[in-house]
1. For chain B, what is the accessible area per residue in Å² when the probe is 1.4 Å?
2. Residue farthest toward the positive end of the dipole of the protein assembly as shown, with Cβ of Lys/Arg at +1 and Asp/Glu at -1: which of A:62, A:27, A:110?
3. Over the Cα atoms of the protein assembly as shown, what Rg and Dmax result, in angstrom?
4. Among B:148, B:6, B:77, pick out the residue whose Cα is farthest towards the positive end of the charge dipole of chain B, where Lys and Arg carry +1 and Asp and Glu carry -1 on C-beta, about the Cα centre.
5. What length, rounded to one decimal in nm, is gained on full extension from residue A:47 through to residue A:107, with 0.36 nm per residue of separation minus their alpha-carbon distance?
6. Round to the nearest 10 and report in Å² the accessible area of residue B:130, as given by a 1.4 Å probe over the protein chains' heavy atoms.
7. To the nearest 0.05, what FRET efficiency results for residue B:155 and residue B:54 with a Förster distance of 25 Å applied to their C-beta separation?
8. What part of the accessible area of the protein assembly as shown, given as a whole %, is carbon or sulfur when the probe is 1.4 angstrom?
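The values are calculated or read from the model by the stated rules, or taken from the named source; none is laboratory data. Remember, it's a predicted structure, so these values are computed and weren't measured experimentally. Glycine gets a Cβ as well: all are built from the backbone with ideal geometry, and neighbour counts include every protein chain shown. For the accessible areas, the whole protein counts, side chains as well, though only heavy atoms, and no ligand, DNA or RNA atoms are used. Shrake-Rupley method; radii C 1.70, N 1.55, O 1.52, S 1.80 Å.
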Amino acid sequence: MTEQEIYASLSSKFGDQVVEFIEEETLNPTVVVEASAIADICNYIKDTETLQFDSLMNLAGHDPDGESDLNVIYHLHSTELDHYITLKTFTPRDDGSVASVANIYRTADWHEREAYDLFGIKFSGHPDLKRILMEDDWEGFPLKKDYVPAEFYRGMRIEKVK
Amino acid sequence: MGALNHKFNENILITSLDKLMNWSRSGSEWYFQFGLACCAIEMMSAAAARHDLERFGAMPRSSPRQADVMIVAGTVTLKMATRVKRLYEQMAEPKYVISMGSCANSGGPYWQHGYHVLKGVDQIVPVDVYIPGCPPRPEALIEGLLHLQKKMREEPILAKKED
Ligand code: SF4
């Protein structure tokens, strides 16, 4: 299936919850969807005969500019039918949440923890949402563009010595 | 002892205790086998057949209790820094630290935007030898070990070590 057809199939099934289809030269064709619907959509595209997206290649958090909503991006591949699609969803910078897909794609478990660790994106329904890279007592989410590094961590100076 | 048997009469060697102990110490720089990032690859290469660190009596030990030298080979993240310090504290005296590569020396490529990197391992443990480079070649590490040997040989053992 082409990405256009996949988009058509999704929007006929999920209506308003599929927001738009972005096709640009430099990006993978991307379907933008509502955060609350992402788990249903993943279930659907995994189980539907004509889609069979059985592999979540990557899940990433993204902060576009330090002001607007945070994004979560899903790169999916069907090993059976050999087609690809990119899903993208968005959530408010602070207390928003995205439905977890960890029980649909096992890959998502650690990837969602990483997105939580570095961007503070909460995934509702995740079995064990805690930091994965930074220490548990770390404050803030360092890949957010408005993150300001602390001066010290456990008595160790972080900023370069001027 | 076959070849040496009866070649020498009974002898007495005279030396100072300092010299004897320093000589034996400097001839067995057993280093702690752990690497933190890309620099560790060069350390492994230095230990392997081509560069063969054991020529200098330096061999890797898997426990801090048995190691004399800690080669900090790689990026010291803040998370790892707490562990590095603990490992250093677990080593028995006398103990030495070699800081290998730009990362361990000063933060290296993470100098400016490394929110998670310690800018120099000398902030948490005392460093004896710094080796520049990103990464330093095995020859550079060997030179660092030789410098450390030199330092060990000049150390007064019975006099108190200054902090
Ligand atoms: S100094 Fe360079 S080679 Fe060594 S750990 Fe840092 S980045 Fe890697």
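1. Working: 9660 Å² over 163 residues.
Each residue of chain B exposes 59 Å² on average to a 1.4 Å probe.
2. Towards the positive end, the residue furthest out is A:110.
3. For the protein assembly as shown, the Cα-based Rg and Dmax read 28.3, 101 Å.
4. Highest projection toward the positive end goes to B:77.
5. Numbers: separation 60, 0.36 × 60 = 21.60 nm, distance 1.68 nm.
Using 0.36 nm per residue and subtracting the Cα-Cα distance, I get 19.9 nm.
6. Answer for residue B:130: close to 110 Å² accessible.
7. That pair, residue B:155 with residue B:54, gives E of 0.65.
8. Details: 9420 of 18240 Å².
Roughly 52 percent, rounded to a whole number.
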